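Only one structure is covered here, and it is reproduced in the block below.
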Amino acid sequence: DPAARAAQIQAEVTKLAKQVNGQAQIPPSLLQEVVQLVEWPTAVLGRFEPEFLRLPPAVIETVMITHQRYFPVRDGRDPEKLLPYFITISNGDPRQADRIAAGNSRVVRARLADARFFYEEDRRIPLAQRVERLQAVTFAEGLGSMRDKVERIRHISRLIAAALNLDPQEQALVDRTAYLCKADLVTQMVYEFPELQGIMGAEYARHDGEPEAVAEGIEQHYWPLGAGEALPTSLTGRVVGWADRLDTLVGMFHLGQIPTGSSDRFALRRAANSLVLIAWDAGWRLDVNQLLRQVVQEYAAGDEKTLKALQEFLAQRLQTLLQEEKRIDYDLVRAVVGDPESVQTEDPQKAELTLRALSNLPLTLLRAEYLQHLRATEELGDLYPTLNRCARLAAQGDVDYAVLNPAAAVDPSLFQEGAERELYEACQRVYRLGVEPALQGDFTPLVEGLQAAAPAVDRFFEAVLVMDPDPRLRTNRLNLLGILRNQSRLLGDMGAVVMTGE
């Protein structure tokens with residue numbers, strides 16, 4: 001019974017740790033692995049020399065957890081500190097616990113001695129002096145060395161920094177982080193323990209006297225390491241992490257290494273997910289379309305095929321995260337993101353919704369969440385009939401989706417009914433009071449304006465023949481409906497919303 005073994009292991013490990021005034025560190029993944037390694041578990045306490053505690057805690061934990069499947073023990077009074085003990089789970093005779101502990105202690109002592117040697121040797125050479133050695137490390141066939149990648153990361157970081165309007169001091173910290181971010185790959189410690197990439201770079205950067213922001217950025221640019229893992233919190237980690245992933249995505253897509261089905265050998269889906277999650281977390285309202293175009297222009301000679309494939313791919317990941325991470329209904333996600341495949345068409349109008357979604361990722365999240373809120377409060381059901389009818393008729397007109405000001409597309413001198421002017425004035429109020437707040441993420445004024453316009457729309461359809469034989473009148477009336485449709489699209493495409501019973 002795996003559950004019984006897990007409970008027994010957890011209880012015994014916790015009890016043993018308390019015997020040395022400690023607190024057992026029990027990572028769920030390690031517990032599950034150990035549960036499958038033993039049939040008759042017995043917890044055994046081992047120890048090592050306190051002098052090894054001078055190693056960075058991450059090194060000791062990696063030796064114990066990843067390489068030996070041991071549970072580290074932290075100080076019960078100060079959980080930030082490790083104690084010179086570990087707990088291993090034996091499948092042998094409990095009466096031989098002392099011999100088992102001694103044998104395991106010899107093993108961990110040897111591993112920690114190796115780590116100490118690597119640590120001391122690595123610190124003899126400053127991290128900055130290792131950068132050129134990355135020339136001997138291949139990033140990927142067709143994409144050069146890791147040294148080449150570092151320069152590309154630096155360049156992309158500058159593009160991101162410019163888009164974010166970072167000040168000169170912040171730009172300098174970002175550039176230094178980008179320059180050093182891969183240098184620890186050629187250290188002995190990371191060669192022996194690859195799981196420590198970034199972590200050791202940060203440790204050595206601090207030893208070299210680099211600014212703390214640089215050290216944090218070196219470690220955090222790899223975050224998140226997997227689903228549910230921590231996101232970078234430092235500006236340097238976020239910018240360089242974005243640049244690193246963008247470089248990988250553009251390079252791989254240009255080489256045709258696009259994920260298909262379950263095949264994703266370069267973890268490109270995870271890279272794209274990280275871009276979206278970091279942008280959401282940081283509140284970055286930068287235009288991904290523009291940034292992608294700049295990077296593709298630099299490294300893929302402006303290859304339009306690569307650009308469109310990347311836009312489609314990122315939009316697909318955006319859809320998935322909105323549904324799976326944020327629990328937004330599928331039709332509301334479609335209303336906000338549109339059809340990712342539309343970017344492959346030659347008609348920018350068809351791709352407008354998807355490109356808008358990529359132009360401001362935090363705003364896209366806010367739009368989706370607000371639509372979900374409107375559905376929960378049943379306000380969406382009240383808005384839907386009016387706006388959907390406008391959108392369907394407006395599709396027969398030719399007003400561009402970007403036009404939000406009624407005065408730019410409608411000629412009031414052509415009005416023949418009072419209902420036309422009433423709807424025009426309602427659209428003007430929405431434009432005047434709701435558009436700018438909506439572009440900043442406050443959708444309440446927009447929705448209130450659309451709700452107030454609903455009676456005017458009803459009277460418009462009762463009093464006006466939209467499809468008038470006169471092409472001038474017909475176009476003017478379709479444009480009027482198109483303006484209201486465009487204003488509502490700041491929230492989402494009502495034509496994609498599925499109401500109960502449809």
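In table form, for the structure just shown:
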read-out	value
Condition met for PRO57 (in contact with an Asp or Glu (Cβ under 9 Å, 6 or more places away or on another chain) and not aliphatic (A, V, I, L, M))	yes
Those residues of segment 178-198 which are under 16 Å from ALA58 (Cβ atoms) and crowded, with 21+ Cβ neighbours inside 10 Å, in sequence order	ASP184, THR187, MET189, VAL190, PHE193, LEU196, GLY198
Those residues of segment 329-349 which are within 18 Å of the chain's Cα centre (by Cα), surrounded by 24 or more Cβ atoms within 10 Å (Cβ to Cβ) and either among the small types (Gly, Ala, Ser) or more than 22 Å from VAL399 (Cα to Cα) (or both), in sequence order	VAL333
Residues of segment 57-71 satisfying the condition of being hydrophobic (A, V, I, L, M, F, W, C), farther than 17 Å from VAL38 by Cα and open to solvent by 10 Å² or more (accessible area, probe 1.4 Å)	ALA58
Some residue of segment 245-259 being at pLDDT 95 or above and either closer than 19 Å to LEU127 by Cβ or among the small types (Gly, Ala, Ser) (or both)	no
Residue that is farthest from the chain's Cα centre (by Cα), among those in segment 1-27 that are open to solvent by 100 Å² or more (accessible area, probe 1.4 Å) and either touching a residue at least 24 places away in the same chain (Cβ under 8 Å) or within 22 Å of GLN96 (Cβ to Cβ) (or both)	GLN19
Qualifying residue in segment 34-51 (condition: among the hydrophobic types (A, V, I, L, M, F, W, C) and open to solvent by 60 Å² or more (accessible area, probe 1.4 Å))	yes
Index of the failed condition, ARG130 passing every other in (1) touching a helix residue (DSSP H, G or I) at 6+ places or on another chain (Cβ under 6 Å); (2) farther than 26 Å from VAL295 by Cα; (3) open to solvent by 40 Å² or more (accessible area, probe 1.4 Å); (4) basic (Lys, Arg)	(3)
Filter result (outside any helix (DSSP H, G or I), free of Cβ contacts under 8 Å to residues at least 40 places away in the same chain and more than 15 Å from ASN91 (Cβ to Cβ)) within segment 28-79	ASP78
Residue within segment 382-393 that is open to solvent by 20 Å² or more (accessible area, probe 1.4 Å) and without any contact (Cβ under 8 Å) to a residue 40 or more places away in the chain present	yes
From the options PRO455, PRO437, residue that is free of Cβ contacts under 8 Å to residues at least 12 places away in the same chain, over 11 Å from PRO406 (Cβ atoms), open to solvent by less than 40 Å² (accessible area, probe 1.4 Å) and assigned to a helix (DSSP H, G or I)	PRO437
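Quick grid of which residues meet (1) open to solvent by 70 Å² or more (accessible area, probe 1.4 Å); (2) closer than 21 Å to GLU341 by Cα:
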| site | (1), (2) |
| --- | --- |
| PRO362 | no, no |
| ALA376 | yes, no |
| ALA395 | yes, yes |
| ASP398 | yes, no |
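The values are calculated or read from the model by the stated rules, or taken from the named source; none is laboratory data. In this text, all values refer to a predicted model and were calculated from it rather than measured experimentally. Every residue, glycine as well, gets a Cβ built from its backbone with ideal geometry; the counts of neighbours run over all protein chains shown. Please note that ligands, DNA and RNA were not included when accessible areas were found on the heavy atoms of the full protein model with its side chains. Shrake-Rupley method; radii C 1.70, N 1.55, O 1.52, S 1.80 Å.
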